[in-house]
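One structure is given below, encoded as structure tokens.
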Ligand SMILES: [Mn+2]
């Protein structure tokens, strides 16, 4: 940047001025080690005034930061603008404050024609879940800054806008009839920060799981898998939960511009923070250009089981699918499914942020998801990366809705003692004709 001649300052007087500028612009602690987890990361964004003063002093005196302004400021940690710890609205959890609600008996609340997931009653509190003996609680997690592309935050409301459940001809089982389910609303998030959005989602997943209900979390981008699975591990125990990760991408990327969580990193965070063992991760549908060799080596090192589209093309979907179902049965007691809609071919799911050609078809996905949810002790399910803003015709929302329903049909089958990947109604099958 060129400084106008009239305001130029003699070289000998520059240092004190730059020191003053550093004092005027709040500095973050550039000596602070990277946070261990996304939840820690959220907390570390707020510092005490004493820590701020130290950081400012350190920054002002740090070597190499007293050069011309156009070199010192743009890339400097000292230029990061921190949160205002005195903002009375800093605590995003306020959104769930119900202290102003009229008194009522706890339990699910019917909402008539007001939009909710599948037209379900809503629940506002843990007491509502308990009083209603709720078995499945939907939760919206409208995060989209983790994909860096606007629209995934509209996923929950896009799904809420779909027609209600229509049942399943394949099984002649209606999950709506068999399961008590509610819409638990959206998690309160910080729309400007992935890091700060993780704790409230994790807390709500934990609330649901603590009552014994299954959280079904609708994203939102894939960063929320971290909060979802960490929340389940809080309740069911570290390393006690297995995860089937449906995705075109492995989502175990390393640090990016200092960020430890985004839609490309939840898997690595879950493993490195000790929530899930690598060998209890099963990846399905990987393809395209990411990861490269290092990513696959990292998964091998940690004992991941993964099934690429290349393997599916070579061995046939049926064979790989049976193997996935067998592997899921050979894992820890509890299972979570994290379903990135981009695992499907963009022909069926254009409405997503990072589509990759050559993916799965609805026919392949529906059977597998129903089978997994019927044969396992499912404790959580998330569907992510649904972006209705780039979904002409709502094809993606339609497929997303069906995937969720296939899973819940599986859960209902299991409850009825019919949990079996190949279960079909006798009315549906040719070989059962009378
Ligand atoms: Mn993903």
Open item on the list: Distance between the C-alpha centers of the range 189-228 and the range 403-419? Whole Å please.
Closed with: 23 Å
TODO: Determine, from the Cβ-Cβ distance of residue 330 and residue 110 and an R0 of 45 Å, the FRET efficiency 1/(1 + (r/R0)^6), rounded to the nearest 0.05.
DONE: 0.60
TODO: Can you work out the PRE-style zone for residue 363? Point 7 Å along Cα to Cβ, and I want the residues of the range 391-434 with backbone N under 16 Å.
DONE: 430
- [ ] Starting with the fewest neighbours, write out 173, 403, 80 ranked by other beta-carbon atoms found within 10 Å of each beta-carbon.
- [x] 80, 173, 403
TODO: Provide 145, 204 in ascending order of the number of other Cβ atoms located within 10 Å of each residue's Cβ, fewest first.
DONE: 145, 204
Open item on the list: I'd like the distance between the alpha-carbon centres of the range 130-145 and the range 280-302, rounded to an integer number of Å.
Closed with: 30 Å
TODO: Take peptides 414-426, 335-347, 233-245 and line them up by average Cβ neighbours within 10 Å, highest first, as a rough protection proxy.
DONE: 335-347, 233-245, 414-426
Task: Relative exposure of 269, 82, judged by other C-beta atoms within 10 Å (fewest first) - done: 82, 269
Open item on the list: Classify the range 341-434 from the C-alpha gyration tensor, please: rounded if a/c falls under 1.5, else prolate or oblate depending on whether a/b exceeds b/c.
Closed with: prolate
Task: Cα-projected label distance for residue 347 with residue 294, points at 7 Å along beta-carbon direction, nm - done: 3.5 nm
Open item on the list: Among 317-324, 108-115, 96-103, how do they line up by average Cβ neighbours within 10 Å per residue, starting with the highest?
Closed with: 317-324, 108-115, 96-103
- [ ] Apply 1/(1 + (r/R0)^6) to the Cβ-Cβ distance of residue 314 and residue 157, taking R0 = 51 Å, and write down the FRET efficiency to the nearest 0.05.
- [x] 0.80
TODO: Give me the number: length gained by fully extending residue 255 to residue 133, i.e. 0.36 nm times residue separation minus the C-alpha to C-alpha distance, one decimal in nm.
DONE: 39.8 nm
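Read-outs: derived from the displayed coordinates by stated rules, not from any lab. Remember, it's a predicted structure, so these values are computed and weren't measured experimentally. Positions of Cβ are backbone-derived with ideal geometry, glycine not excepted, and every protein chain shown enters the neighbour counts.
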